[in-house]
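Structure, as structure tokens:
Read-outs: derived from the displayed coordinates by stated rules, not from any lab. Keep in mind that what you see is a predicted model, and the values were worked out from it rather than measured. Positions of Cβ are generated from backbone atoms using ideal geometry, with glycine treated the same way; all protein chains shown enter the neighbour counts.
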Amino acid sequence: MTTFEAVILGIVEGLTEFLPVSSTGHMILASSFMGIASDSFVKLFTVAIQLGTILSVVVLYFKRFFRSINFYFKLVTAFIPAAIFGVLLSDKIDELLESPQTVALSLVIGGIVLLFMDKVFNKPVEDDADKVSYPSAFVIGLFQCLAMVPGVSRSAATIIGGMQQKLTKKAAAEFSFFLAVPTMFAATAKKLLDFYKDGHTINHQEGMLLAIGNVVGFVVAIIAIRSFINFVTRHGFKVFGIYRIIVGAIILILLWSGHSLQII
């Protein structure tokens, strides 16, 4: 992996991680177009650069993370389902991760769902993500488990879960951002642990690439989060649904035309 490729993947991660468009699907396209060969470090890189995007949430919502101890308990409540199913279904998840077709179809199906979200969930009650009840937090956590299917999008699943629990678009998106912190941190920690348990190490050049990817992802994610909240509050999710369908269709066309796409 080159420095340029690390920068591009950092941009892709920062732009797509918190939008309901599937960062996995975009990583497939970006890595395939750049011809990045999949190896142990590349697989680690695509997960470890999530640390930068996690930090962007903490920085943007710094005061919210210190407002109340109940805030953390609710995040833990929402995180529990993913932690349990992640352990129980880890082999199946790894199997699905080898299927670009699954990603493409998930993008299209999720896109169709987003087309109708604004009409289906049109009677929100709660506009403050901090006031999510514990039962609602747990339900949102169950929705997050849907994102274990590659291409579904963790952000899309949790935002849909939040709106299903009668949160406004803004509150659902913000709770999705907050929930990303423990979820993505756990995924990154597990990936790093597995990387070292398999006998791999990170050399100086790889360490620099990780640093670059995280810094780029951090900066881009801050811009993406701010822009997303403003956009979705005014315009809803329809445009993201259309976009997902287009990206999913592009992946399917590439696959049907004989191109080899690999999830890194």
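With a cut-off of 17 Å on the backbone N, the residues of segment 111-152 near the modelled label site 7 Å out from PHE73 along Cα-Cβ are 130-139.
Once you have a ≥ b ≥ c as the square roots of the Cα gyration tensor eigenvalues for segment 1-132, tell me rounded if a/c is under 1.5, and otherwise prolate or oblate according to whether a/b is larger than b/c. Since a/c reaches 1.5 and a/b is larger than b/c, the shape of segment 1-132 is classed as prolate. In plain terms, the chain from ALA249 to GLN205 could stretch by 12.2 nm, reckoned as 0.36 nm per residue minus the Cα-Cα distance.
Dipole orientation for the chain: of the candidates LEU15, TYR196, ALA171, ALA171 has the Cα lying most toward the positive pole (charges on Cβ; Lys, Arg +1; Asp, Glu -1). Charge tally for ALA137 (other residues, Cβ to Cβ under 14 Å; Lys, Arg +1; Asp, Glu -1): -1. Between helix 154-164 and the chain, what is the angle of the helix's C-alpha long axis to the longest principal axis, kept within 0 to 90° and rounded to the nearest 10? Rounded to the nearest ten degrees, it is 10. The phi-based Karplus calculation (6.51 cos²θ - 1.76 cosθ + 1.60; θ = phi - 60°) puts the 3J(HN,Hα) values of segment 196-210 at 6, 5, 7, x, 8, 9, 9, 7, 4, 5, 5, x, 5, 5, 5 Hz, whole numbers, x for Gly and Pro.
Given the -39500 (n - 2.57) contribution per DSSP H run of 4+ residues, what per-residue ellipticity at 222 nm results for the chain, rounded to the nearest 500 deg cm²/dmol?
Numbers: 12 runs with 196 residues, N = 264.
The helix-only estimate for the chain comes to -24500 deg cm²/dmol at 222 nm.
Taking the number of Cβ atoms within 10 Å of each Cβ as an exposure proxy, the fewest-first ranking of LYS43, LYS119 is LYS119, LYS43.
Beta carbons within 10 angstrom, averaged per residue: use that to sort the peptides 222-232, 239-249, highest first. Provide the component values of the computation, followed by the final result.
Values: 222-232: 16.4, 239-249: 19.1.
Packing order, densest peptide first, comes out as 239-249, 222-232.
Using 1/(1 + (r/R0)^6) with R0 = 30 angstrom and r between the beta carbons of GLN101 and SER40, what's the FRET efficiency to the nearest 0.05? Present the calculation step by step, with values, prior to reporting the outcome.
Details: r = 24 Å, r/R0 = 0.81.
The pair GLN101/SER40 has a calculated efficiency of 0.80.
Exceedance of the 18 Å cut-off in Cα-Cα distance is limited, within the set LYS63/LYS191; LYS74/LYS190; LYS43/LYS197, to LYS63/LYS191; LYS74/LYS190. Put in line by how crowded their Cβ is, counting other Cβ atoms within 10 Å and starting with the fewest, THR3, THR53, THR168 read THR3, THR168, THR53.
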